[in-house]
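The values are calculated or read from the model by the stated rules, or taken from the named source; none is laboratory data. The structure presented is a predicted model; accordingly, all values stated were derived computationally and were not measured. In this analysis, Cβ positions are derived from the backbone assuming ideal geometry, glycine residues included, and neighbour counts consider all displayed protein chains. The area values use the complete protein model at the heavy-atom level, side chains included, leaving out ligands, DNA and RNA. Shrake-Rupley method; radii C 1.70, N 1.55, O 1.52, S 1.80 Å.
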Amino acid sequence: MAQWDLQLDDWLVRQGAKAPSVENEADRFGFRLRELLEHPEQRYGSGFFNSVLVRYLHESDLSNQPAIRAILASVHEYKPSQGESSRDCAGYIEQVLVEAAQQLTNQLRYPRTQAVEILSNAIAYYLDERFNVTTRKQLGFG
């Protein structure tokens, strides 16, 4: 199995190459989020990044999306300290999500409603993987 490559996928997105299905597109963008959000995670540390990410999503309109809301309900939230680092980290997260939304609508030309669905499912995919939500449920840890 070949490893997923962000640079190749960036090129594919710029070329307007869509995934074969909306579900595959959500997975693809979930992979993209994992790579693109790696930098702030390394910069701020995993725990701090997790707390900022969860708080950011709870406070955004994205929390109204069913796929995201369902995953967030299974994630324990730790409150990050309020300060410049928290704002900077949240700004980075927002930038990544805005760029993903723009790629879906501009380069890949999905209608807005479909782009919102894809991005929401991509975020849910990323959160599920990041916080082991499905794995914990399968193991009986809620």
Exercise. In the list Arg109, Arg34, Arg55, which residue meets the criterion of being at positive phi and basic (Lys, Arg)?
Worked result: Arg109
For this session: Please indicate, with yes or no, whether at least one residue in the stretch 36-50 is within 16 Å of the chain's Cα centre (by Cα), acidic (Asp, Glu) and farther than 21 Å from Val75 by Cα.
Result: no
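Just checking, does the stretch 84-101 include any residue being of a type in the set (Ser, Thr, Tyr), modelled with pLDDT under 95, farther than 15 Å from Gly30 by Cα and surrounded by 18 or more Cβ atoms within 10 Å (Cβ to Cβ)?
yes
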Exercise. Looking only at the stretch 69-80, which residues are touching a residue at least 24 places away in the same chain (Cβ under 8 Å) and either open to solvent by 50 Å² or more (accessible area, probe 1.4 Å) or charged (D, E, K, R) (or both)?
Worked result: Ala70, Glu77, Tyr78, Lys79
Seminar exercise, completed: Of the residues in the stretch 1-43, those that are among the aromatic types (Phe, Trp, Tyr), at pLDDT 95 or above and surrounded by fewer than 16 Cβ atoms within 10 Å (Cβ to Cβ) come to Trp11
For this session: Filter the stretch 102-138 down to the residues that are within 16 Å of Leu57 (Cβ to Cβ) and among the aromatic types (Phe, Trp, Tyr), then identify the one that is least open to solvent (accessible area, probe 1.4 Å).
Result: Tyr126
Exercise. Residues in the stretch 106-119: is at least one closer than 17 Å to Phe131 by Cβ and part of a helix (DSSP H, G or I)?
Worked result: no
